[in-house]
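This report concerns only the one structure given below.
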Amino acid sequence: MHSFTDFFSFSNANVVYVVLGMICINASSALVGTFAFLRKRSLIGDAVAHSLLPGICFGYLVAGEKNPVLLLAGAFLTGWISIFLVDYIVRHSRLKQDTAIGVVLSSFFALGVVLLTYIQKTGSGNHAGLDHFLFGQAAAITRDEVSLFVVILVIILTVVVVFYRQLVLLSFNPEYAATIGLPVRLFEFVLTSLTVLAIAAGIQALGVILISALIITPAAAARLWTHNLKWLMLLAVVISIFCGVTGAYISYARTAMPTGPWVVVTLSLITLGSICFAPRRGFVSRYYIRRKNSRKITDENILKTIFKLPGFQNQDTELTFTRVNLTEIRPFDTKELHRGIDRLIRRGLIQKSGDDFVMTTSGRKESARIVKLHRLWEQYLLRRTRIDTDHVHSGAEAIEHIITPEIEAELERELGIKGIPEDDY
Amino acid sequence: MNDFFTILTASIVAINCALLGVFLLLRKMAMVGDAISHAVLPGIVIAYYFSGEKGSVLLLVGATLSGVLATFVIDLFSRKARVQGDAAIGMTYTLLFAVGMILIATLMQGNADIDQECVLYGDIALVNMDKIIIDDNLYIGPRALYTELVAGLVVFGSIIVGFKGFKLLSFNEDFAKSVGIKTSRWHYYLMGLVALTTVVAFEVVGAVLVVGFLIIPPATAQLVTHKLKAMLVWACVFGVLAVIAGYMAAVYFNVSITGAMVTVSGSVFALVFGIMRLRRSKSAKSVIAAEI
């Protein structure tokens, strides 16, 4: 707890730099990552990240020292070349995109490793810290670098805000964007440049391998929660920043712990949580929706079967039946039938009397309603499509469970039918 | 003599990777191979922690399992959780790699055998340190060479025995399914072999650069030929070529050996790509000329 208050009082200048740096890096990469995710080009980030290494080494060789701007320029250049090469290979050969990514990524990375060992062995000048780019060293973020990251974040934010509509169009429908005269190539260029910039900024903190996670994972996690693009971007940024600060804190509290891997692990944990618990798209909620639907279908099938019992049409006498009566008309799974009838009893549609069951008035109504929907749909199929009489039943069997009262009214109006259609197929 | 053994060991790595890489590429799973090679890291670290030595069977099994686990998780993400395919790959391998890094930081403090550098590019220069010497003085090569040989036999044998299965899996999975072949079994078998190969190659070329061996030579072979058997042969040729030339370049410039090998491999790809482009544009021109 002591380290917690220490960390979040920000009394240590180093902590401030690291936290500010992580906020800028994570926000930048989550923003461009959202577009990469929407364009299904997440793994491009992987290729770029690996390809930055030779650029950084070139930058160092030119400058002769660790000049952050020159390193960034070199990284930007090779990162850009790598994206160009991937596209070029895909366009001019039979190779698939992921093969092209793999080839470019490993070639550039290997070149980077060669240059790195060359620099280390010639041993000129101050090259200490160059290998931070391999695995990342968030704790080493300096004041100059923080200002550089802020500039990069501002550039990315500005471009995204100003050209929001164009970028969205490009991500969702590039063909349409081209037909209405949007300079697609130009905006692709802009988006690619932003991606390279964001990765170049983050690489020193996260390293060439883990930086891909900052591009891919926040958007993937946020996507599970919302369909709205603006919310998606905001959520991705918030998730990413939260994880960045958490990672920085863990490595502050336990000195031996690396920052980057913890950022990635917390990011992944949030994503896993989202996969399980997100509303509508999560595992849990999808399971409940599916269970609810299958229960509804069973219940309605039971009600429909009751309608076919011999005594149903006679409103004056009580309709009693057993489970066997039902299974004689329609095959039910025994367990499902038991549970379904229990549910119908709880809803007050059926009453239990001894070993038999008795239909209530509301039960009769509900039963007739389902049958009506079924037959209405059959009539609709018969009159409006060319489907034969012996095929309309199966279509109606599926649709009857999801027809809303509005559609019901529409069907009645369209077909000019009042009450339950006579014919049953 | 040491040079010879280093080149021989690396060549076997290259051949193993090239053979499996061809099938990976045909199945459009190049990046899954990339993911597996990163994902074996936590398995290697955990198994190493418990066994305490590099050459143990436990390490082999543990790491291979964590590689296969990665493909399983990717499948789960993309099919069950409806995360789009490329994002699923990226998420999975970064997570497993991060876990591996954290494990190295906690379990391997001050341990020289597994450190960050060796994760990246292996210890090919140190391969000769671990010698197998019989009868006190007869040196028959480094231990890694024999590990690679065994792995090579497994890969080679599997491909020969299961050639038809792998071929069907690569070219027409739906047909294979329809005639009753258990394609998912073959799929996980292939993934298991890839994981095994990357694990065995780990100490020689590292977990990251092994991707270069796995993808680049088969991709180059795909540029040259359409036929599966020819592709396998070409991939091996390109792989071994890169190993030999890369080794010589590395010694000459005094740089990372594995890095140089993969760089050469990438250059060979660029060269072949250029030649194929030139030939195609020439033949296109001659067709146009003939028509005029």
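The values are calculated or read from the model by the stated rules, or taken from the named source; none is laboratory data. Every value quoted in this text rests on a predicted model; they were computed, and no experiment measured them. Here the Cβ is made from the backbone with ideal geometry for all residues, glycine too, and neighbour counts use every protein chain on show. The area values use the complete protein model at the heavy-atom level, side chains included, leaving out ligands, DNA and RNA. Shrake-Rupley method; radii C 1.70, N 1.55, O 1.52, S 1.80 Å.
Points worth noting:
- With a Förster radius of 41 Å applied to the C-beta separation of B:TYR252 and B:THR183, the computed FRET efficiency comes to 0.30.
- Reduction of at least 50 Å² in accessible surface, 1.4 Å probe, comparing all protein chains with the chain by itself, residues of the stretch B:22-55: B:LYS28, B:MET31
- What chain A shows is 47 Å² of accessible area per residue, with the surface traced by a 1.4 Å probe over protein heavy atoms.
- Counting 0.36 nm for each residue step from A:VAL162 to A:GLN351 and taking away their Cα separation leaves a gain of 61.5 nm.
- Euclidean distance between Cα centres, the stretch A:322-351 to the stretch A:286-314, Å: 8 Å
- Segment A:THR255..A:GLN315, full-extension length gain: 13.5 nm, with 0.36 nm per residue of separation and the alpha-carbon distance subtracted.
- Highest average first, the peptides A:88-100, A:285-297 ordered by how many other beta carbon atoms sit within 10 Å of their residues are A:88-100, A:285-297.
- Candidate lysines - alpha carbon under 22 Å from A:LYS308, same-chain residues fewer than 8 apart omitted: A:LYS296, A:LYS335, A:LYS352, A:LYS365, A:LYS372, A:LYS418
- Cα pair distances exceeding 41 angstrom across chain A, given as percent: 43 percent
- The stretch B:205-292, accessible surface, carbon-and-sulfur percent (1.4 angstrom probe): 71 percent
- Per-residue shielding of B:253-264, expressed as the average number of other chain Cβ atoms within 10 Å of the residue Cβ, stands at 6.
- Partner shielding of A:268-276 amounts to 3, given as the average count of beta-carbon atoms from other chains within 10 Å of each residue beta-carbon.
- Estimated buried accessible area (total), pair B and A, 1.4 Å, Å² to nearest 100: 4800 Å²
- Shielding by partners, peptide A:209-219 (average Cβ within 10 angstrom, other chains): 5
- Under the simplified labelling scheme, the B:LEU76-B:LEU228 pair shows an inter-label distance of 3.1 nm, with each label point 7 Å from Cα along Cα→Cβ.
- Take each peptide in A:51-60, B:276-285, B:64-73, count the other Cβ atoms within 10 Å of every residue, and average; sorted highest first, the result is A:51-60, B:64-73, B:276-285.
- In this view, the solvent-accessible surface of B:PHE77, computed with a 1.4 Å probe and all protein chains in place, comes to about 20 Å².
- Value at 222 nm in deg cm²/dmol, rounded to 500, when DSSP H runs of n ≥ 4 in the protein assembly as shown each add -39,500 (n - 2.57): -26000 deg cm²/dmol
- A straight Cα-to-Cα reach below 26 Å connects B:LYS28 with the lysines A:LYS40, A:LYS96, B:LYS80, B:LYS164, B:LYS167, B:LYS177, B:LYS182, B:LYS227, B:LYS229, residues fewer than 8 places away in its own chain not being considered.
- Backbone HN-Hα couplings from phi across the stretch A:275-280 [Karplus 6.51/-1.76/1.60, Hz, Gly and Pro as x]: 4, 7, 10, 4, x, 6
- Extension gain, A:VAL358 to A:ARG291: 0.36 nm times the residue separation minus the Cα-Cα distance gives 21.4 nm.
- Cα gyration tensor, the stretch A:169-246 - rounded (a/c under 1.5), prolate or oblate: oblate
- Inverse of mean 1/r across different Cα pairs in the protein assembly as shown, Kirkwood, Å: 29.0 Å
- Spin-label model, A:ALA398/A:ASP131: points 7 Å from Cα along the beta carbon direction are separated by 6.1 nm.
- Compactness of chain B as Cα Rg over 2.2 N^0.38 Å, two decimals: 1.06
- Close amide H contacts of A:ILE350 (hydrogens built in the peptide plane, cut-off under 5 Å, sequence separation of 5 or more or a different chain): A:ILE345, A:THR360.
- In this label model, A:ILE155 and A:SER9 are separated by 3.8 nm, measuring between points 7 Å along each Cα→Cβ vector.
- Here the Karplus curve 6.51 cos²θ - 1.76 cosθ + 1.60, taken at θ = phi - 60°, turns the phi angles of the stretch B:21-35 into couplings of x, 4, 5, 4, 5, 5, 7, 6, 10, 4, 6, 5, x, 4, 4 Hz, with x standing for Gly and Pro.
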